[in-house]
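The structure appears below as C-alpha cells.
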Amino acid sequence: MTEQLRIEDDVERLPADDWQRLMRGRPALRLEVLRAIAATASTALSLRVFMLVDEIGIAAAAVCECVREHEPFSVLDALLYGRARRLAAALGGSTRPTLLFCTPVGTESALVVRPGQPTEQRRILDRLLSEIEAHAAAQRLGIGFSGVFADDELVAEALRARNYVDTQVQPIARLQIEWSDFDGYVRHLQQRSQNAARTVRTERKRNRRAGVSIRQIPATAANIEALDGFMRRHYQDKNGTDLHFGPKFLPLVADLLGEDFVLLEAVRDGRPVGMLGVVRSGPVAWSAWFGIELIDRRNDFTYTNLVYYHLAESAAALGFKTVLYGTHALDTKRRRGCQIIGNRLFYRPHRPRARPLARAYFAIHRAWFARKLG
C-alpha cells in the first residue's frame, strides 16, 4: 500500500470515523476531547496532527504541540529540568523550538499505529517518523516524544534506531480488570498482599458507616458544573494555582462524549462531597477529573472509595477492562491493585552539534531519575 502524508492544524478537519477507529482504547485522544481542548484553551495551543493515510483509512497518526522559541513555557523543558528550567534556558539549554508529541491532557502516547503485523507496523511507523523529521528539519525544530510506555517496544525501538536520546519520566498507573464484582477485586488483591485486601475492606466499611454513598449520576449541565467546582477548589488547594483549562471545557467534553462520559458522585448527609469524571473509549476508561470537599473533609476514606473501590466494583458492569490513572500517588495506586508502567521521553535536537550535549545530559537525567524512583 502507498500512504500519503496529511498534516492538519485544525482538529475539526480530522476524518472523524477513521480517527475514532484508530484511537479506540485511547480515551485522551478521542476526537471529542481534542475538539473540546481546541475550542476552549485558555492560552494559545498550537496543535498539529501528522497522519499517514491509505485506501483503508489512517495507517498511523501523531499529535504534537508546536512549542515556539519565545514561548514562556515548555512542557519538555519542565520534564527535563524541573525548577531549573529558567536557568537552563538562560544558559542556552532550552529545547525550544520543538515539535513535542504528547497528549494535550492525559498521559497516553500521542503516536499511534494501526494494528497489524509487526513488520508492517514498523514500516508504517518508520515512514511516519521520516515525514515528521523532514518537516521538523525544514522548520529547524527539535523533536520530542513523551508517553512512550515500557510495553510499547515498537515505538521505543524505532526511535532508538533513529538516534533519539531517551530518559525516564514519571510512570503511570493502569488497573487491569480481572473480576466481576467487589469480592473478586478483593481476591485479586489478596494474591498480591493480604494486608492490602484487609485495608480495602476496612476502608470500604468505614466509608459506608460514615454515611457516604457512591453512585453514577447523569452528566447534566448542573452536575458537570458541580464537578468543575470540586476540581478547581481541589486543584487550587493541592497545587496553589488554577487549572490550565477554563470552565467551558468540561461541559463541552461531556456534551460531545454523551454516554461515554461517566460521572460518579459521593454523597454524605444528602450533600455531594466528591465527584469523579471518567472518559470511556471502547473497553478502556480514563479516570480523568476528580475533586473532593475541602471544608468538611472527614477521615472516612471517600477519596479511595470513589476513585478506586467503587470504580473497581462497577468496572465490569460498565464494560471497562482497563482503567487508566495518572502519574501521582503511585504507591497508593499500587496498593489498590494498579500496575505501575514505566514511561520514557525521547528527544532529538535540531542542531547536530547539540546532540552530544543532549546525550550527556540525558545520561545524567536517567541516573538521577533512577535514584528518585528508588
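The values are calculated or read from the model by the stated rules, or taken from the named source; none is laboratory data. None of these values were measured; they are calculated from a predicted model. Ideal geometry is used to build each Cβ from the backbone, glycine not excepted, and the neighbour counts take in all protein chains shown.
Just so you know, in region 243-269 the residues that are touching a residue at least 60 places away in the same chain (Cβ under 8 Å) and assigned to a loop (DSSP other than H, G, I, E, B) include one that is farthest from the chain's Cα centre (by Cα), and it is K248.
With respect to being more than 24 Å from L294 (Cβ to Cβ), surrounded by fewer than 17 Cβ atoms within 10 Å (Cβ to Cβ) and of a type in the set (K, R), R201 fits the description. Residues in region 272-291 that are over 22 Å from R30 (Cα atoms) and surrounded by fewer than 20 Cβ atoms within 10 Å (Cβ to Cβ): P272 only.
Restricted to strands (runs of 3 or more DSSP E) entirely inside region 125-220, those with at least 1 residues that are more than 28 Å from C102 (Cα to Cα) and polar (S, T, N, Q) are 212-217. Within region 16-56, the residues that satisfy the criterion of being part of a loop (DSSP other than H, G, I, E, B) and in contact with a strand residue (DSSP E or B) (Cβ under 7 Å, 6 or more places away or on another chain) are M23, R24, G25, R26, R30, S42, L45, S46. Within region 110-122, the residues that satisfy the criterion of being crowded, with 16+ Cβ neighbours inside 10 Å and without any contact (Cβ under 8 Å) to a residue 60 or more places away in the chain are L111, V113, Q121, R122. The residue list A88, A61 contains one member that is crowded, with 16+ Cβ neighbours inside 10 Å, free of Cβ contacts under 8 Å to residues at least 24 places away in the same chain and not assigned by TED's automatic domain parsing to the domain that holds P251, which is A88. A single member of G116, G82, G142 is within 25 Å of A28 (Cβ to Cβ), touching a Pro at 6+ places or on another chain (Cβ under 6 Å) and assigned by TED's automatic domain parsing to the domain that holds A360, and it is G142.
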